[in-house]
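Trainee: Just dropping this structure here.
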Amino acid sequence: MKKLTAFILVILTAAVFCACTLPIAQEDDATEPPAASAKPEATEAPATDEPADIIREEITLTKDNFDEYANGEIPILVDFWADWCGPCMRLAPTVAEIAAESDGSYLVGKINIDEQPELASRFGVDAIPTLIVFQNGEVINRSVGLISKEEVLDLLK
C-alpha cells in the first residue's frame, strides 16, 4: 500500500511539475484548440489593399529556417510547444490570433519541441509553453507558462 501511495504521489508531482494537464473547458472560450496532430504552417495572406509582404500566419520554424527569421530586423515571437501539452493547446488560439492581427511590425513563429529538440535545447527551453521574442539574432523577451493575450503582446513591446 505504501508503494502504491508513493507511486501515485510521484505521478501527481510529475504532472504538476510538467504543467502538462489537460485544458479545462470554459463556456466563454470562443475557439477550440487545434487538433493534436495539427501542425501550424504559414499560408499566403488574402489579397487586400495592404502590402503583400505582411505575414499574418504562424510560421513553422525548423533548424533549417530559424536563423533566417531570428536574425531579421523584424521581431519574431516564437512559441515553443508540443501537441501533448495542455497549456500549449490553450495558448495556441491566442498566438494564432496575434499572428492574424499583425500589422507587419512583428512575426509569429512556432517550434514543436518534439520535432525540433535542437532548437529547444539551444535556447534552454525546459518547460512549455515558452515564448521568446528574437530580433537581430538576440533574445529580446521571454516568458514561460500560460499567459494572457495582453501579456503576450507586452512581450513584443
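The values are calculated or read from the model by the stated rules, or taken from the named source; none is laboratory data. Source: prediction; values computed, not measured. Every residue, glycine as well, gets a Cβ built from its backbone with ideal geometry; the counts of neighbours run over all protein chains shown.
Trainee: Could you tell me whether any residue of region 71-83 is loosely packed, with under 13 Cβ neighbours inside 10 Å and at pLDDT 95 or above?
Mentor: We begin by selecting, within region 71-83, every residue loosely packed, with under 13 Cβ neighbours inside 10 Å; these are 73.
Subset that is at pLDDT 95 or above: 73.
Yes, region 71-83 has at least one match.
Trainee: May I pose another question? Can you tell me how many residues in region 113-146 are of a type in the set (Val, Ile, Thr) and without any contact (Cβ under 8 Å) to a residue 24 or more places away in the chain?
Mentor: Start the filter on region 113-146 by keeping residues that are of a type in the set (Val, Ile, Thr), which leaves 113, 125, 128, 130, 132-133, 139-140, 144.
So of that shortlist, the ones also without any contact (Cβ under 8 Å) to a residue 24 or more places away in the chain come out as 139, 144.
Of the residues in that region, 2 qualify.
Trainee: For residues in region 113-157 being in contact with a Cys (Cβ under 8 Å, 6 or more places away or on another chain) and among the aliphatic types (A, V, I, L, M), which is farthest from Glu97 (Cα to Cα)?
Mentor: Filtering region 113-157 down to residues in contact with a Cys (Cβ under 8 Å, 6 or more places away or on another chain) leaves 127-129.
Subsequent filtering for residues that are among the aliphatic types (A, V, I, L, M) retains 127-128.
Details: Ala127: 23, Ile128: 19 Å.
This residue is Ala127.
Trainee: Being touching a residue at least 12 places away in the same chain (Cβ under 8 Å), surrounded by fewer than 15 Cβ atoms within 10 Å (Cβ to Cβ), on the phi < 0 side of the Ramachandran plot and among the charged types (D, E, K, R) narrows it down to one residue among Lys149, Lys110; which is it?
Mentor: Working: Lys110 fails: surrounded by fewer than 15 Cβ atoms within 10 Å (Cβ to Cβ).
Within the list Lys149, Lys110, the selection yields Lys149.
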